[in-house]
Amino acid sequence: MDLLFSLISGVDNKSYLDVDDLNGIGKGNVPERTGNKAIDFALFKINLFAVSENTPDRKNFIKDLVNTFRELGPKAEEFSVPLLHSLLNESSEELRAELSGVLPDLTAFFMQEVRNLNAVKEGILPIFRELLSNDSHVINESAAALVEASQHLNTTETHNEVVSIVLDLVNQQMAENSIVVGLDLISQLAKSFGSEICEKFLVSVIQFFAEDGNPKFKKELAECLCSVSEVVSTEVFHDKLLSVFLSLCRDTNWQVKKVCAENLVKVLKISNEDIHSKELFGVVKDLVKNKNKWVSTAAKSKLGLILYYYKGKNQEKLLKMYCNSAENGELGYSCAYYFPGVLVHFGADYWQDLKKLFFKLNSLDTKTKECLVASVHEIAKVLGPQKTETELVEVFEEWLNNPSVALRAYKALGEFLQNTSSEAVKLKLIPYVESMQKAEAWRVRETLAGQLSKFTQVYTPEELFQKIWPLGVALCQDKMHTVRQTAALELGRLSSFLLKNYSEQVQSVLKFFSRSPNYHYRQVFVEIVKGILETTQNDFLEEEIETLTRDKVSNVRLSVAQLLRQSKSLWPSLKTSLEEDENPDVRYQLCERPRATETLNGGFYLTPPIFRPSCEDENFEVYEVTAKEVPHLESLENYSEIN
């Protein structure tokens with residue numbers, strides 16, 4: 001701690017922070033006052049960490065390290081390496097575990113926010129090396145943290161250092177756990193390393209363990225080989241790794257074979273047609289027919305994906321295996337999951353071969369049926385309009401009437417209709433579209449709201465205006481905020497399409513929202529404008545937006561500011577007026593600082609008030625907001641009366 005003390009201790013004058021604290025007295029080891037409250041506070045926390053022996057205090061300090069470095073601002077570079085080095089001395093497993101958990105965020109901070117590569121090389125990576133050492137009890141947690149941190153390590157220097165750490169692990173011949181962790185890290189980091197590093201360092205590691213033949217590492221070796229195969233060149237794979245993979249597929253250990261079956265697709269992707277026919281077809285056949293249930297199940301569950309990438313001979317034999325895999329119903333879900341891909345691979349001409357399987361899967365459990373429903377529009381794309389109408393419309397209508405899968409069918413409705421051409425079919429399904437808007441379940445209404453613009457490729461402008469437009473307007477007045485928000489953007493896109501033929505009527509509806517006494521509807525108008533501006537500009541929109549820049553409700557002005565920021569060079573005079581708004585959140589939307597953070601006191605990063613979440617996203621509840629005093633648009637005839 002001597003180096004840390006030398007940095008934070010005052011020389012002549014003591015800081016005002018040298019007072020009794022909730023955590024204890026300052027003990028005289030205090031930082032010199034800098035005049036910057038954020039920096040002084042960070043130095044004070046570092047001082048407490050340096051002198052405190054209380055484990056909870058030290059744990060809290062480690063947990064808050066990223067914020068401490070942010071508060072240090074320009075002094076972060078001076079303190080980063082000494083402070084990180086001091087953490088290497090932690091002997092408590094609890095503190096080391098806490099440290100491993102914070103390292104990915106620290107890596108992101110130094111690499112992306114302050115771009116201090118030296119702190120990563122000299123401070124963070126040595127900590128990883130220490131935590132992944134032979135005698136560490138947090139090696140697994142540290143390995144997971146290294147994988148997460150590697151997403152932010154995008155330089156050759158850092159990659160080389162991480163590879164060095166990994167190679168040190170797999171070279172610890174007397175530490176089996178370290179080798180397992182090292183091979184697992186190679187599997188997870190191969191893509192981030194790139195082909196050059198994999199071919200230079202990691203291929204030889206795989207060859208070494210293959211020649212060594214230690215059964216304790218074969219499972220991890222198989223995973224490692226398949227991951228590296230995705231990265232290296234075809235020539236390197238064929239020359240150095242293919243024989244190793246084929247050997248592992250013939251291994252007596254069923255767990256090794258299971259890993260090969262699960263990862264066979266990775267090998268198929270990099271192999272050529274000749275290898276597929278001569279080597280890999282036999283491998284697939286043997287794995288599918290393997291006596292071990294877990295091996296055969298793993299292979300059968302991947303047959304659809306294998307078929308999609310298989311380029312060799314005997315494809316029809318593989319197709320027969322795939323169709324037979326769903327006979328007992330156990331593998332129905334995986335078979336249904338890959339069904340569209342198999343159909344894409346073989347084409348519409350093979351529909352008669354796959355039709356029986358399709359209806360077999362449709363008769364299985366709800367989970368399997370939902371999988372088919374969710375991808376029916378992709379199946380329709382392959383079959384084309386004529387076959388879709390004769391083969392799928394009837395079953396699709398059954399799904400719409402089946403409560404267990406109806407929501408899935410509703411989500412696919414717009415894209416499914418895009419793949420039909422018959423006017424009779426399109427009009428036949430309109431009642432289902434209308435029923436979605438009236439559904440009690442708000443998720444059904446939101447599903448319709450999210451696909452309003454897709455109907456522009458299905459119906460004529462007249463049909464859109466008479467049947468779809470009123471539904472969109474009603475959804476924009478829904479009692480649920482999320483439904484209104486989703487519908488507004490889609491209605492904007494629909495409005496852009498209809499403005500050519502129904503300009504007066506569309507503008508009348510937009511005025512209803514922009515001039516409504518309900519501020520929620522005024523916010524809806526702003527979202528509608530976002531959708532319109534994707535393809536169209538209109539002077540009418542500028543007039544209404546200009547009025548909303550002076551809206552008495554700050555949330556409306558905030559929505560306008562977000563719109564103006566998104567539209568960049570559009571309406572600069574309106575931006576100027578909002579840049580002087582009384583509300584700081586409104587002004588923030590138009591400021592030129594980075595979106596994520598705003599500096600204060602020369603280096604302290606402060607998240608703007610509106611972006612300070614009080615709980616996780618999944619904990620937010622959806623609240624209903626209804627304004628009963630505001631009239632709803634009931635019919636098109638009333639549009640012209642609303643101003």
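Judged by the gyration tensor of its Cα atoms, with axes a ≥ b ≥ c, segment 231-271 is oblate; a/c meets the 1.5 cut and b/c is at least as large as a/b. Taking 12 Å as the cut-off, the amide N atoms of segment 525-558 that come nearer than this to a point 7 Å along the Cα-to-beta-carbon line of Arg565 belong to 558. Our summary gives segment 115-210 a relative contact order of 24 percent, counting only alpha carbon pairs under 8 angstrom and 6 or more residues apart. Along each principal axis, taking the top coordinate minus the bottom one, the Cα set of segment 222-362 gives 44, 30, 22 Å in descending order. Compute the separation of the alpha-carbon centres of segment 518-547 and segment 230-302 and state it in Å as a whole number. Comparing the Cα centres of segment 518-547 and segment 230-302, I get a distance of 56 Å. For segment 39-198, what does the alpha-carbon gyration tensor say about shape, rounded, prolate or oblate, given a ≥ b ≥ c as the root eigenvalues, a/c under 1.5 as rounded, and a/b over b/c as prolate? Oblate, because a/c is 1.5 or more while a/b does not exceed b/c.
So what's the convex hull volume per residue for the Cα atoms of the chain, in Å³?
Working: hull volume 129.1 nm³, N = 643.
Once divided by residue count, the hull of the chain is 201 Å³.
Solvent-free Debye calculation, one equal scatterer per alpha-carbon of segment 292-394: log10 I(q)/I(0) at 0.10, 0.16, 0.23, 0.24 Å⁻¹ equals -0.25, -0.65, -1.32, -1.42. Please report the relative contact order for the chain, taking Cα pairs under 8 Å with a sequence separation of at least 6, and give it as a percent rounded to a whole number. It comes to 7 percent, rounded to a whole number. Calculated [222 nm] ellipticity per residue, helices only, for the chain: -18000 deg cm²/dmol; basis is -39500 (n - 2.57) per DSSP H run with n ≥ 4, divided by all residues, nearest 500. log10 I(q)/I(0), Debye, Cα-only segment 117-169, no solvent, q = 0.15, 0.30 Å⁻¹? Treating every Cα as an identical point scatterer, log10 I(q)/I(0) equals -0.36, -1.37.
Of the Cα atoms belonging to segment 46-103, the radius of gyration and Dmax stand at 10.9, 32 Å. Using the alpha-carbon positions of segment 502-596, Rg (one decimal) and Dmax (whole number) come out as 12.9, 41 Å.
A crude spin-label estimate for the pair Val265 and Thr155, with each label 7 Å from Cα along the Cβ direction, gives 3.7 nm.
Roll a 1.4 angstrom probe over the protein heavy atoms and tell me the percent of accessible area of segment 44-111 that is carbon or sulfur. Walk me through the intermediate numbers first.
Numbers: 1080 of 2450 Å².
That fraction is 44 percent.
Relative to the current alpha-carbon distance between Glu542 and Glu130, full extension at 0.36 nm per residue lengthens the span by 142.3 nm.
Quick one: of Lys317/Lys426; Lys269/Lys300; Lys369/Lys454; Lys479/Lys530, which pairs are farther than 28 Å apart, Cα to Cα? As for pairs spanning more than 28 Å Cα to Cα, those are Lys317/Lys426.
Quick check: at a probe of 1.4 Å, how many percent of the accessible area of segment 275-392 sits on carbon and sulfur atoms?
Working: 2750 of 5700 Å².
The nonpolar share, carbon plus sulfur, comes to 48 percent.
Between Ala441 and Ser243, the modelled label-to-label distance comes to 5.8 nm, taking each label 7 Å out from Cα in the direction of the beta carbon. For Tyr502, the solvent-accessible surface with a 1.4 Å probe is about 40 Å², rounded to the nearest 10. If the viscosity is 0.890 mPa s and the temperature 25 °C, what Stokes-Einstein diffusion coefficient in µm²/s follows for segment 429-547 when Rh is the Kirkwood radius over Cα pairs? Calculated translational D: 174 µm²/s.
Just the number, please: carbon plus sulfur as a percent of the accessible area of segment 436-519, 1.4 Å probe, no ligands or DNA/RNA counted. All intermediate terms of the calculation are to be shown ahead of the outcome.
Details: 1470 of 3260 Å².
So the carbon and sulfur contribution to the accessible surface is 45 percent.
Give the calculated FRET efficiency between Leu427 and Gln352 to the nearest 0.05, with a Förster radius of 35 Å applied to their Cβ-Cβ distance. Between Leu427 and Gln352 the formula returns 0.75. Each label point is 7 Å from the Cα along the Cα-to-Cβ direction; what then is the distance between the points at Glu534 and Lys387, in nm? Simple spin-label model gives 3.1 nm for this pair.
Projection of the Cα convex hull of segment 397-467, averaged over all directions and equal to a quarter of that hull's surface, yields 4.5 nm².
Between Lys293 and Glu77, the contour length at 0.36 nm per residue exceeds the Cα-Cα span by 72.1 nm.
Accessible area per residue for the chain in Å², computed with a 1.4 Å probe and the full protein assembly in place, what is it? Don't skip to the end; give the middle numbers.
On the way: 30860 Å² over 643 residues.
Normalised by residue count, the accessible surface of the chain is 48 Å².
You can think of it this way: the chain between Asn54 and Glu94 has 13.2 nm of extra reach, that is 0.36 nm per residue less the Cα-Cα gap.
The values are calculated or read from the model by the stated rules, or taken from the named source; none is laboratory data. All values derive from a computational prediction rather than experimental measurement. FYI the Cβ positions are ideal-geometry reconstructions off the backbone, even for glycines, and counts take in every protein chain you see. Please note that ligands, DNA and RNA were not included when accessible areas were found on the heavy atoms of the full protein model with its side chains. Shrake-Rupley method; radii C 1.70, N 1.55, O 1.52, S 1.80 Å.
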